[in-house]
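One structure coming up, written as structure tokens, with questions to follow.
The values are calculated or read from the model by the stated rules, or taken from the named source; none is laboratory data. Everything numeric here is computed off the predicted structure, so don't read it as measured data. All Cβ positions, even for glycine, are placed from backbone atoms using ideal geometry, and neighbour counts span all protein chains on display. We work out accessible area using only protein heavy atoms, side chains counted, and drop any ligands, DNA or RNA first. Shrake-Rupley method; radii C 1.70, N 1.55, O 1.52, S 1.80 Å.
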Amino acid sequence: MNEMTLSNLEQSLKQIYTQYPQSGWTTPVEEKEFQRDMQQHGINLNSLFPEPLSAYLSEEHFIPDDRDVAVLRHYRYLPAFFHTHGFFEITYVFEGECTNYFTDTSLRMQIGDLCLIAPETKHAISAVTDDCVILNLLIRASTFDTAFFDLLSGRDVLTAFFTTALYGNHENAALFFPTGNDTALKDFISYAYQEYQNESRYFQRMMNNLIHAICILLLRNHEKDVVILSGTGDSMDENLIYILNYIQANYSHITLSDLAGFFHYSERHMSRLIKENTGKRFSDLVRDLKLSKAADLLKNLGLTIAEIVEQIGYSDISGFYRAFKRKYEITPVEYRSRLQL
């Protein structure tokens with residue numbers, strides 16, 4: 001991968017940075033503050049970009065509608081203003097170095113370092129040298145429990161991270177993996193970048209499988225070295241992750257009574273714990289898991305809808321149809337038809 005030459009946009013950004021290095025490139029600032037500073041210098045930075053810079057990055061603008069994953073190279077000399085995004089982001093230092101700033105800490109990242117950032121986590125990246133190559137793998141959060149369902153069913157640090165980010169109300173900022181000279185991981189990430197550029201046959205399936213492979217390599221080779229960059233530090237029931245994982249593993253038949261009994265809680269306490277930490281009632285959480293799994297199973301044309309309904313634990317097929325349409329705004333048959341287009 002040869003990405004060392006500065007693009008026209010990067011050259012323009014470098015020129016502005018060279019003139020105004022104090023204006024938010026190496027010290028993170030709020031986006032409005034940075035824009036105000038640029039206006040004082042008579043610079044319209046938004047004119048360089050197809051869409052205005054924003055403090056919130058949405059899935060719709062960065063991940064194509066028919067994709068679960070996007071892989072982009074971070075622009076060198078892009079201002080380091082704080083922002084949040086609606087997707088998971090993997091920041092990987094392919095060459096050079098950068099600094100990843102969070103609300104209450106900063107992370108100096110060198111070649112081989114990888115940072116997995118949860119949705120809605122406020123951060124800023126400073127990469128202001130010609131020789132740095134930073135790759136960002138963006139993973140859609142809204143379809144994560146469908147496209148990457150099996151990543152939610154383990155008992156490891158990544159399962160805990162993804163589960164809490166998707167279903168918890170607590171800020172769970174980031175995981176930092178110093179992977180060093182892990183050539184296998186670097187090759188997979190490089191291949192994901194190339195695959196995203198080429199969009200060959202079976203592109204979507206390949207991209208999702210590459211994300212699985214990257215996660216497996218992180219766990220296999222670097223789980224013991226992971227650094228958890230916590231958010232606000234709010235207290236959390238120590239069993240919450242195990243509770244959410246247990247629901248994931250047994251969603252098709254689990255009851256609140258079963259769950260409470262397994263963890264030796266009263267049903268009232270378990271119900272309140274789930275509501276406070278996920279924002280959902282137990283029944284709504286289980287229903288959403290069933291429907292997400294159903295959406296995933298609809299990709300398998302060898303399964304009839306009746307078989308899928310039975311597999312996910314719905315006893316009433318008409319009730320399943322109504323619930324599915326409420327969640328996805330189309331029927332299961334229509335959903336399956338769209339997958340074949």
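With angles folded into 0 to 90 degrees, how steeply does helix 157-167 sit against the dominant principal axis of the chain? Use alpha carbons for both and round to 10.
Result, in degrees: 80.
Under 10 Å, Cα contacts only: if you run a Gaussian network model on the chain, which one of L303, L185, L13 comes out with the highest mean-square fluctuation?
Per the Cα network of the chain with a 10 Å cutoff, L303 tops the list.
Sticking with this one: Using a probe of 1.4 angstrom, how much of the accessible area of the chain is carbon and sulfur, in percent?
48
Let me ask another. So how strong a dipole does the stretch 245-341 carry about its Cα centre when Lys and Arg Cβ are +1 and Asp and Glu Cβ are -1, to the nearest 20 debye?
That gives the stretch 245-341 a dipole magnitude of about 320 debye.
To continue, here is another question. Given a Förster distance of 22 angstrom, what is the FRET efficiency for I317 paired with S337, based on the Cβ-Cβ distance and rounded to 0.05?
It comes to 0.75.
List the GluC sites (Glu not before Pro) in the stretch 281-341 that DSSP assigns to loop (not H, G, I, E or B) and whose Cβ has at most 10 other Cβ atoms within 10 Å. Which are they?
E329
Would you be so kind as to identify which of T27, A306, L285 lies farthest towards the positive end of the dipole of the chain, taking Lys and Arg as +1 and Asp and Glu as -1 on Cβ and the Cα centre as origin?
The one lying farthest along the dipole's positive direction is A306.
Taking only Cα atoms and a 10 Å spring cutoff, compute GNM fluctuations for the chain and point out the largest among N250, N300, N221.
N300
Whole number in Å², please: accessible area per residue of the chain, 1.4 Å probe, ligands, DNA and RNA not counted.
Value for the chain: 48 Å² per residue.
While we're looking at this one, here's another question. Ordering S292, S12 by how much accessible area each has at a 1.4 Å probe, largest first, what is the list?
The ordering from most to least exposed comes out as S12, S292.
Can I ask one more? Which value in deg cm²/dmol, rounded to the nearest 500, describes the helix-derived mean residue ellipticity at 222 nm for the chain, given -39,500 (n - 2.57) per DSSP H run of n ≥ 4 and division by the residue count?
Value at 222 nm, helices only, nearest 500: -13500 deg cm²/dmol.
Next question. What is the magnitude of the charge dipole of the chain about its Cα centre, with +1 placed on the Cβ of each Lys and Arg, -1 on the Cβ of each Asp and Glu, and no other charges, expressed in debye to the nearest 20?
Here the chain has a charge dipole of around 780 debye.
With +1 on each Lys and Arg Cβ and -1 on each Asp and Glu Cβ, how big is the dipole of the stretch 1-141 about its Cα centre, in debye rounded to the nearest 20?
Charge dipole of the stretch 1-141: 300 debye, to the nearest 20.
Quick check: convex hull over the Cα atoms of the stretch 249-305, volume per residue in Å³, rounded to an integer?
Once divided by residue count, the hull of the stretch 249-305 is 84 Å³.
What angle do you read, to the nearest 10 degrees and between 0 and 90, between the alpha-carbon axis of helix 240-250 and the longest principal axis of the chain?
Helix 240-250 and the main axis of the chain meet at about 50 degrees.
Then there's this: Return the whole-Å distance between the Cα centroid of the stretch 287-341 and the Cα centroid of the stretch 1-45.
48
Also, I was wondering about something else. If you build a Gaussian network model of the chain, linking Cα atoms that sit under 10 Å apart, which residue out of H212, H264, H253 swings the most?
Most flexible of the set in this elastic network: H264.
Once you list every other residue whose beta carbon is under 14 Å from the beta carbon of K224, what net charge do they have if Lys and Arg are +1 and Asp and Glu are -1?
-3
Which residues does a label at L6 reach in the stretch 46-78, if reach means a backbone N under 16 Å from a point 7 Å past the Cα toward the Cβ?
From the stretch 46-78, the list is 48, 74-78.
Using a 1.4 angstrom probe on the protein heavy atoms only, could you order R201, R108, R287, R155 from most to least accessible area?
R201, R155, R108, R287
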